Amino acid sequence: MNFDLTEDRQMLADTLNRYLADQYGMETRNAVAYEAPFHDPAKWSAMTDLGIAGALVPEEQGGFGGAGFDITVVFEALGKALCPEPFLGTLMAARLLGAAGADMETLVSGETRYAVGLGEIDAAYDLDNIATTAAASGDGYVLNGRKSAVYGGQDADLILVLANLDGVPAIFSVAAKEANVVDYGMIDGGGAAEVLLEDAPATLLLADASTAVQDAVNAGRLALCAEAVGAMETTYEVLVDYLKTRKQFGRPIGTFQVLQHRTVDLLTEIEQARSITINAAASLGEDDATLKIAMAKNLIGRAARLVAEEAIQMHGGIAMTWEYSVSHYGKRLIMLDAQLGDTDQCLSEVMQSYAA
């Protein structure tokens, strides 16, 4: 099989990588990722002007991408730079809006920032047992409940919310100003929010939304896998450079055989992660997408933790400092696993799939 990117995707990757290298260095990233609104709105606008949001939307819906490999190109580049811009919410919203046949012009242009509220405190991953409810009210609906860990919700204009409508899961659009949005920064940078809904006015977007929600989760998980691959690759490059320059006993520590073996093991893990992400990207939208993407996220969650831990150990104390990039990559690699289903949750889904 030919795993090379198409010309258009290579151009997208080159453009985004150049922009992030020029405009989103580690010092800039850390300056915005840990202070509200936990990203840079000006750079968000610049990146949407480059077409990043459009790459996440199919051509027939107003974008120019939307396939699994378009998603991986974008998020691998974001992972390499540890970019905190809230494109995960944009991606998942695009999948839901696309399923509803809704207009996505303002999403593609970046004029409207979207977030998606699915999980809850007591139903982080079990989306069949959510407690948020919807009730008819006049010509629309009102929602009551609480959504947890809404990625990008801290600075969203519209939030797409999963709620029970007469016992059926449905997706509603809620203006952020109509909800009580409690924003916070994540430990690894970037932002999220708790969204409290008390008779919040809402517009029905999708009734009986189970299939669309699973597709949005699949796309989000695929994006996180690609982001992890990008972050692991950069962490590995920083580690190899350090091993070549750090000296003990008069020679670079990279010449020590035990460290060479450990480094090769990490490279093997990263290449396996890349391969399974490619397999997952090819499956997006297919019948086996949920299984293959859950398998990918399980493997990558374990590989990312190993890369983070080994890179820190081989660096020594410097890797624990705020000023050194590996500390930030390590945090992100660990926390990526917790988003949209950790290794245990994904393994459970795989086992249930084979048992069915």
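The values are calculated or read from the model by the stated rules, or taken from the named source; none is laboratory data. Remember, predicted model here, so these are calculated numbers, not experimental data. Cβ sites come from the backbone with ideal geometry, for glycine too, and all protein chains shown count toward neighbours.
Give me the residue from the range 342-356 that is free of Cβ contacts under 8 Å to residues at least 12 places away in the same chain and part of a helix (DSSP H, G or I) and, out of that set, surrounded by the most Cβ atoms within 10 Å (Cβ to Cβ). Talk me through it step by step, then tell me what you get.
As a first pass, look at the range 342-356 and keep what is free of Cβ contacts under 8 Å to residues at least 12 places away in the same chain: 344, 348, 351-352, 354-356.
Next, from what is left, pick out any that are part of a helix (DSSP H, G or I): 344, 348, 351-352, 354-355.
On the way: ASP344: 12, SER348: 15, MET351: 11, GLN352: 11, TYR354: 8, ALA355: 6.
Here the answer is SER348.
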## Note on the structure
Inside the range 252-299, the number of residues satisfying the requirement of being more than 19 Å from TYR236 (Cα to Cα) and among the hydrophobic types (A, V, I, L, M, F, W, C) is 11
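Restricting to the range 200-224, name every residue that is over 30 Å from TYR34 (Cα atoms) and either in contact (Cβ under 8 Å) with a residue 60 or more places away in the chain or of a type in the set (S, T, N, Q) (or both). Can you show your working first?
Going through the range 200-224, the residues over 30 Å from TYR34 (Cα atoms) turn out to be 201-212, 214-215.
If the condition is that a residue be over 30 Å from TYR34 (Cα atoms) and either in contact (Cβ under 8 Å) with a residue 60 or more places away in the chain or of a type in the set (S, T, N, Q) (or both), then PRO201, ALA202, THR203, LEU204, LEU205, LEU206, ALA209, SER210, THR211, ALA212, GLN214, ASP215 are the ones that fit.
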### Query
Here are some residues: GLU85, GLU76, GLU59. Which one is surrounded by fewer than 23 Cβ atoms within 10 Å (Cβ to Cβ) and of a type in the set (D, E, K, R)?
GLU59
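Search the range 5-38 for residues being small (Gly, Ala, Ser) and surrounded by 13 or more Cβ atoms within 10 Å (Cβ to Cβ), and hand back the single one that is farthest from GLU76 (Cα to Cα).
Narrowing the range 5-38 to residues small (Gly, Ala, Ser): 13, 21, 25, 31, 33, 36.
Still in the list and also surrounded by 13 or more Cβ atoms within 10 Å (Cβ to Cβ): 13, 25, 33.
Working: ALA13: 9, GLY25: 16, ALA33: 18 Å.
Result: ALA33.
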### Matching residues in the range 1-46 - criterion: being of a type in the set (Phe, Trp, Tyr), farther than 15 Å from HIS328 by Cβ and part of a loop (DSSP other than H, G, I, E, B)
PHE3
### Message
Looking at the range 123-132, can you tell me whether even one residue there is outside the structural domain of GLU35 (by TED's automatic domain parsing) and closer than 21 Å to ASP157 by Cβ?
### Response
yes
### Query
GLY65 is checked against (1) in contact with a Leu (Cβ under 7 Å, 6 or more places away or on another chain); (2) closer than 21 Å to ALA175 by Cβ; (3) in a loop (DSSP other than H, G, I, E, B) and fails just one. What number does that condition carry?
(2)
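Could you grab me the full set of residues in the range 272-299 that are under 10 Å from GLY68 (Cα atoms) and either in contact with a strand residue (DSSP E or B) (Cβ under 8 Å, 6 or more places away or on another chain) or outside any helix (DSSP H, G or I) (or both)?
Applying the first criterion (under 10 Å from GLY68 (Cα atoms)) to the range 272-299 yields 277-285.
Listed by number, the residues that qualify are LEU284, GLY285.
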### Task
Looking at (1) free of Cβ contacts under 8 Å to residues at least 40 places away in the same chain; (2) exposed (fewer than 15 other Cβ atoms within 10 Å of the Cβ), find the lone condition where PRO41 falls short.
(1)
### Message
Just to be sure before I move on: is THR90 surrounded by fewer than 24 Cβ atoms within 10 Å (Cβ to Cβ), out of contact with any His (no Cβ under 8 Å at 6 or more places or on another chain) and closer than 27 Å to MET232 by Cα in the structure I sent?
### Response
no
### Residues (without any contact (Cβ under 8 Å) to a residue 24 or more places away in the chain and either in a helix (DSSP H, G or I) or within 16 Å of LEU340 (Cβ to Cβ) (or both)) located in the range 300-317
GLU309, ILE312, GLN313, GLY317
